[in-house]
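Notes follow the structure.
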């Protein structure tokens, strides 16, 4: 789950200026540029039906429940508690792990550099 709306790295230069309030977060396309690239089986020349694509991209039976739980927690922090302090959460069900990127000047500044082909989780 990725939050943010800054489409260009330069927009993040002053994300925390002035003060400690974050004004801009990197858009999902900056955090994970590969989300914008079609997989080979998704190309228009593949000729696969939606059902066939669904089977090729088979996902864990539990991914929807895991994402729903994490998204619910994020929405509760954003809308009810009004203290959401992170902008990206990555789930790896195979490894049994979850990692979040917190809204800090250091974390946001990692995306103020030219785009990398990997997701933000590799920016550690």
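Readers should treat all values here as calculations from the given coordinates under stated rules, not as data from a laboratory. In this text, all values refer to a predicted model and were calculated from it rather than measured experimentally. As a convention, Cβ positions derive from the backbone with ideal geometry for all residues, glycine included, and neighbour counts pool all protein chains shown.
In percent, how large is the relative contact order of segment 61-117, given Cα pairs closer than 8 Å and 6 or more residues apart? Working shown, then result.
Values: 32 pairs, mean separation 12.6, N = 57.
So the answer I get is 22 percent.
When a/c reaches 1.5 or more, the comparison of a/b and b/c decides; with that in mind, is segment 1-112 rounded, prolate or oblate per its Cα gyration tensor? Note, shape of segment 1-112 comes out oblate. Per-peptide packing, taken as the mean over residues of other Cβ atoms within 10 Å, places 26-33, 102-109, 89-96 in the sequence 26-33, 102-109, 89-96 from highest down.
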